[in-house]
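Novice: Here it is, the structure in full.
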Amino acid sequence: LSVTYKACTVRVNITVRPDEATRMSTICQSGDWDYLLNDNGAYITGYNGSDTDISVNEIDSNSIYAVTSKVFKDSNIVSFSSETVSLIYPQAFENCKSLLKCNTPNAISIGSNAFRGDESLRAIQFSDTLESLDSGAFESTAITELTIPKGISAVPERLCNNCQSLERVTLLGEVETVGDMAFNSCLNLKVFNGAGKIKNVCDFAFSENGLMRLDVIPQ
């Protein structure tokens, strides 16, 4: 925050707690990291380092629980890996043009636009028990294959919009709804498995997918 009064400007650093779960957390800083700390662990709120290949599980012996909104947005990181991260907040990695892979095998929640615009991103790993997947999470990325776990009952809007390298999608659960533009402009999408329970296909969900086939015809 910058405050100007009579040609004098004072800059004050502000940490915004992202949600109710972090309301009573402690604001911390250590080396390259800014974070909030509560009983769940560390919520990364800022990265001030220069490393492009990041592998981190703890900060000050505190297990990392979440990457909050916009932490790496527009950064030049190439890879991110964490065995402990459970939550990836909206826009956490948005527009990271150089990001090739994200390995968070225990992530159970991925927020809206979390990886949107990561045009080099080909591989992402998250938990088989994923509970929440929000709109535009992988929009305009270079992922080639996506498996949506059993815990997800609806494909959110714009999930893979404009993912022109995407070739195969597998739904492991009983997905009934595919949201607006979920797979729009996925020009190379060839195989879509697990479609048997789909009842609602929203606007432009499968537009411009000339090569795609479903393993079954939706109900």
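Novice: Looking only at the range 111-144, count how many residues are in a loop (DSSP other than H, G, I, E, B), touching a Ser or Thr at 6+ places or on another chain (Cβ under 7 Å) and either open to solvent by 20 Å² or more (accessible area, probe 1.4 Å) or not small (Gly, Ala, Ser) (or both).
Specialist: 14
Novice: Still on this model: Are any residues in the range 17-53 part of a loop (DSSP other than H, G, I, E, B) and within 17 Å of Ser69 (Cβ to Cβ), and if so, which ones?
Specialist: Residues satisfying the conditions are Arg17, Pro18, Asp19, Arg23, Ser25, Asn40, Asn48.
Novice: Based on this model, can you work out whether Asp39 counts as at pLDDT below 95, under 23 Å from Ser127 (Cβ atoms) and out of contact with any Asp or Glu (no Cβ under 9 Å at 6 or more places or on another chain)?
Specialist: Spelling it out, Asp39 is indeed at pLDDT below 95, under 23 Å from Ser127 (Cβ atoms) and out of contact with any Asp or Glu (no Cβ under 9 Å at 6 or more places or on another chain).
Novice: If you take the residues in the range 181-208 that are within 13 Å of Leu171 (Cβ to Cβ), among the small types (Gly, Ala, Ser) and open to solvent by 20 Å² or more (accessible area, probe 1.4 Å), which one is modelled with the lowest pLDDT?
Specialist: Gly196
Novice: If you don't mind, there's one more thing I want to ask. Restricting the search to the range 165-180, which residues are modelled with pLDDT under 95 and out of contact with any strand residue (DSSP E or B) (no Cβ under 8 Å at 6 or more places or on another chain)?
Specialist: The answer is Glu174, and nothing else.
Novice: If you check Thr147 against the conditions, is it open to solvent by less than 40 Å² (accessible area, probe 1.4 Å) and at pLDDT 95 or above?
Specialist: Criteria not met by Thr147.
Novice: Does Ile108 count as under 12 Å from the mean Cα position of the chain (by Cα), open to solvent by 10 Å² or more (accessible area, probe 1.4 Å) and at pLDDT below 95?
Specialist: No: the conditions fail for Ile108.
The values are calculated or read from the model by the stated rules, or taken from the named source; none is laboratory data. All values derive from a computational prediction rather than experimental measurement. Because the Cβ atoms are built from the backbone with ideal geometry, glycine has one as well, and the counts that use them run over all protein chains shown. Just so you know, the surface numbers come from the protein's heavy atoms only, side chains and all, with ligands and any DNA or RNA stripped out. Shrake-Rupley method; radii C 1.70, N 1.55, O 1.52, S 1.80 Å.
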